[in-house]
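The values are calculated or read from the model by the stated rules, or taken from the named source; none is laboratory data. The shown structure was predicted, so the numbers you read here are calculated from the model rather than taken from an experiment. Neighbour counts are summed over all protein chains in view; Cβ atoms, including those assigned to glycine, are modelled from backbone coordinates with ideal geometry.
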Amino acid sequence: MVGSISNGSNYAAGASAVIRNPGESTQKTAGRQSSPAECETCKNRKYKDGSDEMVSFKSAAHISPQASASKVRAHEQEHVSNAFKKAAQNNGKVISASVSMQTSVCPECGRSYVAGGETNTQIKYFNEENPYQKDKKASDAISYTGMNVDIAC
């Protein structure tokens, strides 16, 4: 550019850029409204848990894009821990527990981040008072009797 001083960013000399995310890149990529350092969307993004369990993020809270993966993963682990605790307290067994993470790209600055997560658990409960469970147990006892007999005596 003739007559202007380059400061390493895409802004002309004298233009003031508001740094909303200190420590982030001030490079504005093509097709984006702002750089990661100036991104209003990333600065104001909040996470909130929508489940009925007592876990973190029951009230909306900000997480930086750099920390979103570890914070969301730790939050979803709370749900998995709660499932194991619930199963242990109610004579159950966790059959499966899976966590899926959703990622997204900020429309303003183009930075990718973890947008959220979902935990799915299956718990099998053993009800010894259920007549069907009692019949199944009796049936299993009959069918497995004599499977491991030592005839050498």
Mind telling me which of the residues A67, A88 ends up being aliphatic (A, V, I, L, M), closer than 23 Å to K124 by Cα and free of Cβ contacts under 8 Å to residues at least 24 places away in the same chain?
A88
Which numbered condition trips up S51, out of (1) more than 18 Å from the chain's Cα centre (by Cα); (2) small (G, A, S); (3) assigned to a loop (DSSP other than H, G, I, E, B)?
(1)
I'd like the residue in region 34-48 that is within 13 Å of G116 (Cβ to Cβ) and crowded, with 16+ Cβ neighbours inside 10 Å and, out of all such residues, is nearest to the chain's Cα centre (by Cα).
Y47
The number of residues in region 103-113 that are out of contact with any helix residue (DSSP H, G or I) (no Cβ under 9 Å at 6 or more places or on another chain) and either farther than 18 Å from K71 by Cβ or of a type outside the set (G, A, S) (or both) is 1
Could you tell me which residue of region 54-68 is surrounded by the fewest Cβ atoms within 10 Å (Cβ to Cβ), considering only residues that are of a type in the set (S, T, N, Q) and in a loop (DSSP other than H, G, I, E, B)?
S59
Verdict on K85 being in a strand (DSSP E or B) and more than 18 Å from the chain's Cα centre (by Cα)
no
Residue in region 91-102 that is surrounded by the most Cβ atoms within 10 Å (Cβ to Cβ), counting only those that are in contact (Cβ under 8 Å) with a residue 24 or more places away in the chain and touching an Asp or Glu at 6+ places or on another chain (Cβ under 9 Å):
V99
In region 93-152, which residue that is at pLDDT below 90 and acidic (D, E) is farthest from V80 (Cα to Cα)?
D150
